[in-house]
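First comes the structure, then the notes that go with it.
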Amino acid sequence: MTAVDQQGGFPEEAAHEGSLADSLHGLVRLLRLMQRNQATLAWCVAGCTVIAMAYYVAAPRFYSSTAKLLLIEQDPDSVSSVAEGGRADDLMATHRELVKSPVVLQNAISDLPPEHRIDLETINPSHWVEELGRGLSASTVRRTKFIQVSYKSRRPESAVAVVNAVINSYLHFVEETHRSTAAEVLDVLTIERDQLQSELLRKQKLLQEARERCGHLAIDQKDGVVDPMIGRAIHLNDALMEAQQRRLDLQGSLASVAMAMARGDDMRNYLSVVEEAVGEQMMLAALGLSHQDMEMLTSQQQRLMETQDELRRLSPHYGPNHPQIKELTEQVAALQQYLSSYHAASGSRYASINNGDLGPMIKRTLEQSVAQAMEQERILAESFEDARVNAARQSGDLVELDMRKREVERLESLHDVLFEKIAAVDIHQVQAPIRASIVEEPLPEETPVSPRFARLFGSALVGGVLLGAGIVFIRDQLDDRFASPDEMSQQLELPVLSVVRTLNPLPGTGLDAVHMHVDANSVEAEAFRTLRTSLTLRGEETERLVISSAEPSDGKTTVSSNLGVAFAQVGKRTLIIDADLRKPGMTSLMGLKGHAGVTDILICEGAIGALAERCLVKTGLDKLDVIPAGPRRPDAAELLSGPNFGELLAWAEGRYDQVLVDCPPVLAVSDAQIIGRLVDGVVVVVTPEKNHRRLVVRACDSFLHAGCHVHGVVANRISNKSEGGYGYGYGYGYGYGHSDEEERVEEKVEHDLSPVEPAAASWRRPTEGPADADRAA
């Protein structure tokens, strides 16, 4: 986990920026690796350059010749010369592959003069087509009508000859293929046409025979005209239905009259029935009236109405004594008198008719009408039956005739289509489907296209850089160790508080084995002053610190003891607590094995302060005390999780200015995480030559996940040897030291110093002088 994760994690809206930052960080890291391994890159580039130079000197020279073809499609149905869209792309791609096809290349080789077969001299003739195809290239440019044909040969003239031979072979193949195809199509269409003509003649003969057999009149059925025989049957059917309806009406009227006579009804009421059945004229004749009488009566009524209208029109303008008014009045009176007299005479004639004579007269009239209707119906029925039989026979013949007519029309239409196809093939038989024109003639080039100096050496340079970068990256991944303080700080997102040299073991125990106490002015001791200054001036609470590491044997006890001495030397009351209850390194260093310590405090009940006072050990250095680990216990984590250790820290905070807790490695056990939650922060000791990156990252993440604050890391056991840029070194020169007076001045002004974070490009560098060490601090 990084420092940002410790504060609560990335916000969701910053996820993309974080990913981009990681990518940039990885790129920068790779560039730094390449910078530190310039020798590897230089060797790779030099090797690739030498190989490229040898190839350039030894490789044969090839010369290229290029021709450009313009393709135009010969399509009479197309508005443009070349089809648009996907069809044009398919056409160009087809002919591009056709240029390189084996059949075209084989014909080109046959036409190629022997002196221009220089590229095929050492090749088996069975492989000439493949060899020629390797040097030949055909390409098209999208949305254009051009095909570029190129060939590379060891002689410029041979390249030109091969391109010309390939183009001529391609054009000849297209033309011959189309000619043979057109001839085959024409033969097939001609055979089909002959067969169709024979079938058409036979169908036309059958059609004529059908027309003669049925006596068909040439009537266009599309105009809605019905055949005469069928029309006659339809007309007779309509007449028969009308006769049957008339007979039924007369029989109904006759039955009604017979029933009325049987009841003795007034037969004058049935005159209307007679009128409907036998007609108006017959009824008038039966009553002694004529049709002329009815016309006269109607004429007089019409004249009366016209005279009355004229009188009404003139009355508003003339008086009653006006001659014209008087004349019209007299005419109206005369006409009214005539009509009254006629109606009176008709009424008396109608009244004089005897009911006994009227009934039989009506009955006889209706019986005669019924007999006439039945006879007419019989005649119509016989005529209709004959017409129906003839019409049915005629309909079958007409259906057969119509079917044969449609067959003839279909064959005639197909014959016309075949005729048009034959004409089209015949017209275009000598014309290829496409026309190719050479718009750029192949010319010899004096400059070889292979090998090219600029391209070859540019590729060598790029290949060398990529090869070197790959080697550097793979070696870095296999090494999996931090290459520099900057890399460690960037990947952990934690500061490197100090860089400690490899310390030679000192004889003795206690403070005699602590370099900071034995030789405070040595180059090795300066790293712990740097660590002390970095912690003091961080601006955070650092009075209670846990010193831990990722793995065992990383030097956490060495750093704890020397840092404790460094704090005590500046007058701070310092307490070192050995909380490594499993392998108490601090207890062994101080020679306190068997002495009561932390274990006794954690398992005992009572006042923690009193117990701590009994376990406290004074060192030979004023203001520096130690509480050893005590007896080893298998349940160290459970003891440290109890309340007694927290009370011990509270007691120590009240008595001392600085409390350092030496804890076991965090990846081995959880003791350091338990204690880290109770103190102000954690300092992680890292041995770059031993620890893998992933283990150090996991160690820091384990502290952060447990809620511990990590102040930074200490790089321990840094050697002065350089190993190809991957060594580790800080760089204080040997012989650099302080006098006693300078040390007292340093103790007074130490709070004004800035924390030291090494900015070395790598862990191992040549030894620096005192001035360089001052600048690094």
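Some values worked out for this structure:
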item: Order of 529, 388, 406 - criterion: other Cβ atoms within 10 Å of each residue's Cβ, fewest first; result: 406, 388, 529
item: Sparse-neighbourhood loop sites, GluC sites (Glu not before Pro) in the range 106-148 - DSSP loop, at most 15 other Cβ within 10 angstrom; result: 121
item: For 475, 32, 532, 544, order by how many other beta-carbon atoms lie within 10 Å, fewest first; result: 475, 32, 544, 532
item: Vicinal HN-Hα couplings computed from phi for the range 509-514 (Karplus, 6.51 cos²θ - 1.76 cosθ + 1.60; Hz; Gly/Pro x); result: 10, x, 5, 5, 9, 9
item: Tensor-based shape of the range 611-658 (alpha-carbon gyration tensor, a/c under 1.5 rounded, otherwise prolate or oblate); result: oblate
item: Residue-by-residue Karplus 3J(HN,Hα) for the range 244-258, coefficients 6.51, -1.76, 1.60, Hz, glycine and proline x; result: 5, 5, 5, 4, 5, 5, 5, 5, x, 5, 4, 5, 5, 5, 4
item: Cα-Cα over 27 Å, subset of 68/152; 556/618; 623/690; 583/618; 583/690; 145/421; result: 623/690; 145/421
item: Under 18 Å from the Cα of residue 205 - lysines, other chains or at least 8 residues apart; result: 405
item: Residues 687, 40, sorted so that the one with the fewest Cβ neighbours within 10 Å comes first; result: 40, 687
item: Interchain or long-range residues, amide H under 5 Å from residue 449's placed H; result: 62, 63, 64
item: Three-way shape label, the range 487-581, alpha-carbon gyration tensor, a/c 1.5; result: rounded
item: Ranked packing of 191-197, 703-709, most packed first, by mean Cβ within 10 Å; result: 703-709, 191-197
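Quick note: the coordinates plus some simple rules give every number you see, no bench work behind them. Everything numeric in this text was worked out from a predicted model, so none of it was measured. Don't worry about glycine lacking a Cβ; one is built from the backbone with ideal geometry, like all the others, and counts go over all protein chains shown.
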